Amino acid sequence: MKKLTPNNHNHYFFSYPGNKRKEVLNLIEKFEALKNFDEIDTIIEPFCGTSAFSYYLNLKYPNKYKFILNDTSHIINGINTFVKSASEEDLNNFEGEIYDAITLVKDDKALYNSYVKNTKIFKWELVGRLYYAMHFGLFPNKTICESKFYIFKDKRNYIDFLKSDNVKLTNIDGIKYLCLDEDNQLNANNVFMYLDPPYILTDNTEYKQEINTQNFYQFCYERQNYLKSDIYFKPTFFLNIIKNWLVDAVFSKLYKLDSYAIQYAKRNSFKKGANEINQHYILCNKIYENKNIGKIFIY
């Protein structure tokens, strides 16, 4: 087991909404305290995004777990699938393609918009993601374009993680992982799920549109008793989600394991140092059983 010390350096290839690298120590500490921690050998992230939880867990416990990383985001699946099977030459060539693409459009906003905003070609979507970052609609200036085109620089650990035989990539509706299915062996105590769905009542409209967010919230609202059942749904899951009145209503029957504040750079703001603070929950579908203390009846 390695000491885990995440820093402010993004482990992923680009900035992406909901990256949990700053919260991962808290999440892993609570995961390690689960009573069935030693039985768990499979981690499933139905809404993996940058897979921060799985990535840092694997850094701390190399080769201990099998990971199923699922996301319906076109750009997340595109880059992950490409990297998993790519050779070093493929990675270098792709960086060259991205640089050429940026060179083509960096001084021409109309041309940039015609390629990036009006196409579903993965390369151009990635160009948009890399240089718009969290500020969609803000045309990237020349300096940013020329200085930040190295997608894979300093990402060797994450590349190796994706390429591992222990990592499986899927692209299905995340709700399917919450449905009882004997064939995929989810009805087992050796499975743990980390759920980090798009936040509702926020401005992450791009990600919310890529999965059917409304269906996920509706499913959880209607089937909370099923998700809490030790008979029908055995895996424990943590649901990491922003705190607001709708979340309180939809997930009222799940157990609140933690509530904490997290500070972000304020989106769509040009003011230097502008920040916003949001409250977050870690919810759990089972009574939290700490292996050292026993059952904890959480609020």
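The values are calculated or read from the model by the stated rules, or taken from the named source; none is laboratory data. Keep in mind that this is a model prediction, so the values were computed, not measured. When we count neighbours, we look across all protein chains shown, and the Cβ atoms used for this are built from the backbone with ideal geometry, even at glycine.
Selection of segment 50-105 for residues being aliphatic (A, V, I, L, M) and more than 15 Å from the chain's Cα centre (by Cα) yields 59, 83, 86, 91, 98, 101, 102, 104, 105. Of all the criteria given as (1) at pLDDT 90 or above; (2) surrounded by 15 or more Cβ atoms within 10 Å (Cβ to Cβ), the one not satisfied by residue 21 is (1). Contact map, segment 239-257: first residue polar (S, T, N, Q), second residue surrounded by fewer than 13 Cβ atoms within 10 Å (Cβ to Cβ), Cβ cut-off under 8 Å, separation 6 or more or different chains; pairs are 244/201. On the basis of being part of a helix (DSSP H, G or I), of a type outside the set (S, T, N, Q) and either at pLDDT 70 or above or under 23 Å from residue 91 (Cα atoms) (or both), does residue 150 make the cut? Answer is no for this residue. Screening the candidates 113, 7 for the property of being surrounded by fewer than 16 Cβ atoms within 10 Å (Cβ to Cβ), modelled with pLDDT under 90 and either among the hydroxyl-bearing types (Ser, Thr, Tyr) or more than 22 Å from the chain's Cα centre (by Cα) (or both) yields one hit, 113. Of all residues in segment 98-107, one or more are within 24 Å of residue 157 (Cβ to Cβ), touching a residue at least 12 places away in the same chain (Cβ under 8 Å) and surrounded by 13 or more Cβ atoms within 10 Å (Cβ to Cβ). Filter segment 155-181 down to the residues that are part of a loop (DSSP other than H, G, I, E, B) and closer than 23 Å to residue 73 by Cβ, then identify the one that is modelled with the lowest pLDDT. Ranking the candidates gives 181 first.
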